[in-house]
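So the structure is just underneath, and the comments pick up after that.
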Ligand SMILES: Nc1ncnc2c1ncn2[C@@H]1O[C@H](COP(=O)(O)OP(=O)(O)OP(=O)(O)O)[C@@H](O)[C@H]1O
Ligand SMILES: [Mg+2]
């Protein structure tokens with residue numbers, strides 16, 4: 001922000017701009033959008049492919065998708081390798097959640113392909129139903145909105161997460177494995193979900209997606225609404241799932257610093273286009289990303 005625009009008598013007043021933490025200089029949402037638009041370069045397919053470790057495990061090719069007749073994503077490409085994590089950042093309304101919606105089958109897809117590897121073969125999943133994606137393609141989706149059933153117990157919530165398993169026994173076994181992994185949930189298995197703290201609730205949301213034993217986790221804003229200590233807990237859980245269980249994680253995160261520190265790869269979305277792509281570290285060090293999304 002040009003110095004001349006600062007109010008004269010206000011000394012380094014903290015205000016809120018795009019970020020949800022206090023920053024010294026404020027950039028309005030409009031400015032972020034405009035400036036982000038200016039830094040948009042066309043990200044080449046070579047760049048996208050070069051960031052992937054091994055073969056791409058999840059791949060989006062030339063995707064045009066949106067809601068009703070409105071196109072939100074324009075010729076969007078994405079590639080992530082097995083066991084890698086990718087974090088999408090960008091201004092509000094850029095289309096980040098729409099990418100996850102499209103993978104899971106909640107948008108209208110006008111053109112383009114979504115592919116993943118099932119067994120040994122690359123499989124087109126663009127037109128699969130959401131249930132098939134959960135059951136056959138190993139993709140689970142952790143929604144941006146609070147989605148636990150408050151009056152059901154922790155255990156019932158988890159078993160619900162396995163409703164597409166071949167039978168209730170399989171869902172129950174998978175739920176037991178979750179309890180073995182997360183003591184915090186085990187200790188509260190018979191409590192209604194509404195009594196959980198914010199962090200425990202987020203753990204339940206993540207765990208519910210794990211009941212289907214997915215290969216790919218789509219995670220929308222895991223840190224939203226959480227106190228800092230719970231934010232760290234959530235990233236530790238995701239880190240464990242990636243490093244120790246080999247899950248592939250595609251995430252959207254408003255807390256760009258946390259998201260990029262966590263993820264192997266970072267994408268910046270602006271107005272439904274891929275504006276920048278790099279390793280998480282590369283984007284963290286990029287001055288434009290810093291100025292627009294990291295509050296510095
Ligand atoms: N269900 C829907 N029906 C119609 N339009 C939608 C729907 N969901 C999102 N949109 C529109 O699509 C555009 C992209 O929204 P999206 O939710 O993908 O943005 P986002 O990058 O996730 O933003 P945020 O950071 O605010 O979550 C917005 O203009 C939004 O209004
Ligand atoms: Mg969103």
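Please treat every number below as a calculation from the coordinates, not as lab data. None of the values given here were measured: they were computed from a predicted structure. Positions of Cβ are backbone-derived with ideal geometry, glycine not excepted, and every protein chain shown enters the neighbour counts.
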- Message: Can you tell me what percent of all Cα-Cα pairs in the range 58-191 are more than 20 Å apart?
- Response: 56 percent
- Given the options 259, 95, 198, which has the most mean-square fluctuation in a GNM of the chain, springs set between C-alpha atoms less than 10 angstrom apart? 198
- GNM, the chain, Cα, under 10 Å: largest mean-square fluctuation among 244, 273, 108? 244
- Task: Quote the convex hull volume per residue of the range 24-135, based on C-alpha atoms, as a whole number of Å³.
- Result: 138 Å³
- Query: So what are the three principal axis dimensions of the range 188-296 from its Cα atoms, in whole Å, longest to shortest?
  - Reply: 49, 28, 26
- Task: Kindly put 101, 74 in sequence by how many other C-beta atoms sit within 10 Å of each C-beta, fewest to most.
- Result: 74, 101
- Message: For the chain, what does the helix formula give at 222 nm: sum of -39500 (n - 2.57) over DSSP H segments with n ≥ 4, over the residue count, nearest 500 deg cm²/dmol?
- Response: -10000 deg cm²/dmol
- Angle, helix 228-243 long axis vs. longest principal axis of the chain, Cα atoms, 0 to 90°, nearest 10? 60 degrees
- Taking max minus min of the Cα coordinates of the chain on each principal axis, largest first, gives extents in Å of 67, 42, 36
- Message: To check my understanding: the extent here is largest minus smallest coordinate of the Cα atoms along each principal axis. What are those three numbers for the range 96-154, in Å, largest first?
- Response: 41, 27, 16
- Linear extension gain, residue 227 paired with residue 118, 0.36 nm per residue minus alpha-carbon span: 35.5 nm
- Compute the long axis of helix 168-181 from its Cα atoms, compare it with the longest principal axis of the Cα atoms of the chain, and write down the angle in degrees, 0 to 90, nearest 10. 60 degrees
- Query: How long is the gain from residue 45 to residue 186 if the chain were fully straight, where each residue apart is worth 0.36 nm and the alpha carbon distance is subtracted?
  - Reply: 46.2 nm
- Task: Relative to the longest principal axis of the C-alpha atoms of the chain, give the angle of the C-alpha long axis of helix 198-210, reported between 0 and 90° and rounded to the nearest 10°.
- Result: 60 degrees
- Query: Over the Cα atoms of the range 130-191, Rg to Rh with Kirkwood Rh, two decimal places?
  - Reply: 0.97
